[in-house]
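Structure, as structure tokens:
The values are calculated or read from the model by the stated rules, or taken from the named source; none is laboratory data. Note that the structure is a prediction, hence the values are computed from the model and not measured. All Cβ positions, glycine included, derive from the backbone under ideal geometry; neighbour counts span all protein chains shown. Surface areas here come from the heavy atoms of the whole protein model, side chains and all, with no ligands, DNA or RNA. Shrake-Rupley method; radii C 1.70, N 1.55, O 1.52, S 1.80 Å.
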Amino acid sequence: LRSETRRPAGFVRYERELRSFERGGSARTLPPRAGCTTRVTFILSGKDKSEPRFGMTMLLPLVWVTAIAAGLLALLLVQKLFFPYFWSDLVFISRLLRYGIRLEVYKKRSKVVTVLDRFVQQAARIPDKPFIIYEGISYTYEDVEERSNRVAHVFQQRGAARRGDTVALLMSNEPDFICVWFGLCKLGCSVAFLNTNIRSRSLLHCFGCCGARTLVVGADLLDTLEDILPSLKQDNINVWAVKMECSLPGVETLLDKLQQAPEDPIPAEQRAVTSLKTPTLYIFTSGTTGLPKAAIITHLQSVKAAGGFWAYGGCSSDVIYISLPLYHSAASLIGIGGTIEIGATCVLKKKFSASQFWGDCRKFNVTIFQYIGELCRYLCNQPKNEKKHKVRMGVGNGLRPEVWKEFHRRFGDVRLCEIYGSTEGNLCFMNHLGKMGAVGRSNFFYKLLFKYDLVRYDKENDEPVRNKKGFCEHVSKGETGLLLSKINEQSPFFGYAGSKQLTDKKLLRDVFVKGDVYFNTGDLMVEDTDGFISFKDRIGDTFRWKGENVGTTEVAEALELVDFIQEANVYGVEIPGNEGRAGMTAIIIKPDRRFDGKKLFQHVLDHLPSYARPLFVRIQETMEVTGTLKQLKFRLVESGFNPSMITEAVYFLDYTGKCYVPLTNSMYNSIVSGQQKL
Ligand SMILES: *[C@@H]1O[C@H](CO)[C@@H](O)[C@H](O)[C@H]1NC(C)=O
């Protein structure tokens, strides 16, 4: 605060040394320590109402925060017992505010420092520091800076990408993912990250919605392209392979040209933006209506996400382990962006491997790892306990309390930090106190900054409950509700590329008063009396499996292409010992046709990525629908996949027999006991 804002006219500034804290706060309220103080600056509002001139929307809540904080200070000395988390909350929120104010300063000066600018700064400041370690080879900040310059020069010389273009990137985790991404950004392009699992039809669709004219494909993914190459050529899409040579017709190669390209920097004006609200990336999320949607990621979101490690106390000496796919926002925005922000080193893995994890951590002195719930569960399923390592922190989301506990027991005192936030959402929760099972922490400071609400939800009809006046109702503390986040200047929602309709579908209007707009997260959450927020369930048209979002409509549409299926209703069912939900579908067979397990197997193999393939199929005579003719999923979800409880035929996806086979009771038992690999 002190260093980054000028003293605003009409505001009186008070400085007060509050108390000794360990720098950055921690999960506990810490005892005072000698020689280690944190100064907290308060800005109190004076009489002068000169906010508009002041122009810092972020500071307005701050004014209230500080006013309330000062008032409470006296109270708290007496009532400390009733507010056990006050001090840690205050320290944490002041950290977030410091970051928020930096963003406000950019806005004010219209001189934006993006994540890429930050990277270029770091490359100049610490050129020889390892930035990425991949398969045992270390790439310094300077290496990546120079290589991304070469990428930019190649695309520029060939006229393949110009400022304002969108380029699609289909690559697995490797250093060149980052070099190509940064190289293109240096030319002022936006980059669309494509999920490496998606198949032909979805892939083609992705070009349309983000308007990309160029596709860059990693060497290991070229064969997935063969069947759609003619369609791409027809649409005049330039295809580049990250290889030295390539025999596919009409595909350009990048690596051979890279060697001849100069490594000198591209002028910064090329990538300069005047507003943080300029899109920089498109990240695909599962569609609620059919095909994947391209969430628009602006510089604002990427700069915010890059503060994640920092907010949790990451620093330049940290080594960060990234094994999640870079095409998701967690690994790219929080992981790579966060590494750059603190000037640290990351160990990048092509794929997560539970058996290599601790060996890698020891070898590279890893201190922070990024997780999703599944990843921690797989680690806990490993036979050996590991306590000899330097891992001090995990950052991620989706950790269940039982896995959390087990993780501590097996692997020692690793601080696990949950971050909740969807790729496109405008809300973020952080569980900075490390309470097991919570995704976030709310308190009165936080509520001033982020306007979110939990409202009553009707699971049967799959919609929020509206009262007589047509408005939603808050749930009480401890009760499950649908999480909504208010859209306003401070927390904008940028929506999806190419479709206003899709964007509108995520919005809920007239929630508490006429004319208000909320982002519907689709997540059912609970807030307890202490302000800890936990995730309960996901509603509507998507569910998570193996760390990926599955869009039920997209899967249903793919299934309905099979000649004997008249209608498919896709949903997720819980399987004990697994995160998320496994895909299941209820289908109606066309009159005079029969179920063909082999045909269906081949179809889902060809058309759906592995995580989206329904594990269970249930035959139905009729499909129940809601009053608004939506397919009813709730009762199907409730009845699960136990063949002894379901009168209709249930089939199971059998990879060994390459067929959907009737699900027997003994197969059911081996699935729920965890013997059957899924
Ligand atoms: C890891 O730390 C140890 C002890 O601090 C050090 O000897 C070793 O060189 C480090 N390894 C790496 C890869 O940095």
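The listed residues are LEU678, LEU653, and the only one of them that is under 32 Å from the mean Cα position of the chain (by Cα) and in a strand (DSSP E or B) turns out to be LEU653. Would you mind finding the one in GLU263, GLU252 that is surrounded by fewer than 20 Cβ atoms within 10 Å (Cβ to Cβ) and touching a helix residue (DSSP H, G or I) at 6+ places or on another chain (Cβ under 6 Å)? After applying the criteria, what remains is GLU263. For segment 554-575, a residue qualifies if it is open to solvent by 10 Å² or more (accessible area, probe 1.4 Å), modelled with pLDDT of 90 or more and within 28 Å of the chain's Cα centre (by Cα), and exactly one does: GLU574. Every listed requirement among (1) open to solvent by 20 Å² or more (accessible area, probe 1.4 Å); (2) touching a residue at least 12 places away in the same chain (Cβ under 8 Å) is met by ASP592 save one, (2). Here is a check on your reading of the model: is SER316 within 16 Å of the ligand (Cβ to nearest atom), open to solvent by 20 Å² or more (accessible area, probe 1.4 Å) and closer than 30 Å to SER94 by Cα? Answer is yes for this residue.
Residues in segment 228-278 that are without any contact (Cβ under 8 Å) to a residue 60 or more places away in the chain and assigned to a strand (DSSP E or B): VAL239, ALA241, VAL251, THR253.
Specify the residue that is surrounded by the most Cβ atoms within 10 Å (Cβ to Cβ); the eligible residues are those in segment 196-227 that are assigned to a helix (DSSP H, G or I) and touching a Gly at 6+ places or on another chain (Cβ under 8 Å). Working first, answer last.
Just the residues of segment 196-227 that are assigned to a helix (DSSP H, G or I), to begin with: 200-210, 219-227.
From what's left, touching a Gly at 6+ places or on another chain (Cβ under 8 Å): 208-210.
Values: GLY208: 13, CYS209: 20, CYS210: 25.
Per the criteria, the residue is CYS210.
Of all residues in segment 656-675, those that are within 20 Å of LEU608 (Cβ to Cβ) and either in contact with a Pro (Cβ under 7 Å, 6 or more places away or on another chain) or in a loop (DSSP other than H, G, I, E, B) (or both) total 4.
Looking only at residues of segment 320-353 that are in contact with a Leu (Cβ under 6 Å, 6 or more places away or on another chain) and open to solvent by less than 10 Å² (accessible area, probe 1.4 Å), we find that the one that is farthest from the ligand (Cβ to nearest atom) is SER332.
Mind listing whichever residues of segment 497-518 are within 28 Å of LEU399 (Cα to Cα) and open to solvent by less than 20 Å² (accessible area, probe 1.4 Å)? TYR518 - this is the single residue of segment 497-518 that is within 28 Å of LEU399 (Cα to Cα) and open to solvent by less than 20 Å² (accessible area, probe 1.4 Å).
So for segment 406-415 (the condition being on the phi > 0 side of the Ramachandran plot, in contact with a helix residue (DSSP H, G or I) (Cβ under 6 Å, 6 or more places away or on another chain), assigned to a loop (DSSP other than H, G, I, E, B) and away from the ligand (no atom under 16 Å from the Cβ)), does at least one residue qualify? Explain how you work it out, then say what you get.
Step one: of segment 406-415, the residues on the phi > 0 side of the Ramachandran plot are 412.
Next, only the ones that are in contact with a helix residue (DSSP H, G or I) (Cβ under 6 Å, 6 or more places away or on another chain) stay: none.
Scanning segment 406-415 turns up no residue that is on the phi > 0 side of the Ramachandran plot, in contact with a helix residue (DSSP H, G or I) (Cβ under 6 Å, 6 or more places away or on another chain), assigned to a loop (DSSP other than H, G, I, E, B) and away from the ligand (no atom under 16 Å from the Cβ).
Out of all the residues in segment 117-126, is one or more in a helix (DSSP H, G or I), in contact with a Ser or Thr (Cβ under 6 Å, 6 or more places away or on another chain), hydrophobic (A, V, I, L, M, F, W, C) and touching a residue at least 40 places away in the same chain (Cβ under 8 Å)?
No, every residue in segment 117-126 fails to be in a helix (DSSP H, G or I), in contact with a Ser or Thr (Cβ under 6 Å, 6 or more places away or on another chain), hydrophobic (A, V, I, L, M, F, W, C) and touching a residue at least 40 places away in the same chain (Cβ under 8 Å).
Residue-wise test of (1) within 30 Å of PHE364 (Cα to Cα); (2) open to solvent by 10 Å² or more (accessible area, probe 1.4 Å); (3) modelled with pLDDT under 95; (4) part of a helix (DSSP H, G or I).
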site: SER138; (1), (2), (3), (4): yes, yes, no, no
site: GLU142; (1), (2), (3), (4): yes, yes, no, yes
site: ALA152; (1), (2), (3), (4): no, no, no, yes
site: ALA161; (1), (2), (3), (4): no, no, yes, no
site: PHE182; (1), (2), (3), (4): yes, no, no, yes
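For segment 380-397, the set of residues classified as more than 16 Å from the ligand (Cβ to nearest atom) and open to solvent by 40 Å² or more (accessible area, probe 1.4 Å) consists of ASN381, GLN382, PRO383, LYS384, ASN385, LYS387, ASN397, listed by residue number.
Remark: pairs (first residue in segment 543-555, free of Cβ contacts under 8 Å to residues at least 60 places away in the same chain; second residue open to solvent by 30 Å² or more (accessible area, probe 1.4 Å); Cβ separation under 7 Å; 6+ apart in sequence or on different chains) = PHE543/ARG581. Looking across ARG362, ARG377, ARG400, one residue alone is within 16 Å of the ligand (Cβ to nearest atom) and at negative phi. It is ARG362.
Residues that are open to solvent by 30 Å² or more (accessible area, probe 1.4 Å), closer than 29 Å to ASP89 by Cβ and touching an Asp or Glu at 6+ places or on another chain (Cβ under 9 Å) do not occur anywhere in segment 519-527.
Contact annotation: residue pairs with Cβ atoms under 7 Å, 6 or more positions apart or on different chains, pairing a residue in segment 354-368 that is open to solvent by less than 20 Å² (accessible area, probe 1.4 Å) with a partner that is β-branched (Val, Ile, Thr) and away from the ligand (no atom under 15 Å from the Cβ), are ILE368/VAL395.
Here LEU416 passes the criteria (1) within 21 Å of TRP310 (Cα to Cα); (2) of a type in the set (A, V, I, L, M); (3) out of contact with any strand residue (DSSP E or B) (no Cβ under 7 Å at 6 or more places or on another chain) except the one numbered (3). Screening GLY478 against (1) in contact (Cβ under 8 Å) with a residue 12 or more places away in the chain; (2) of a type outside the set (D, E, K, R); (3) open to solvent by 10 Å² or more (accessible area, probe 1.4 Å); (4) closer than 26 Å to LEU276 by Cβ leaves a single unmet condition, (4).
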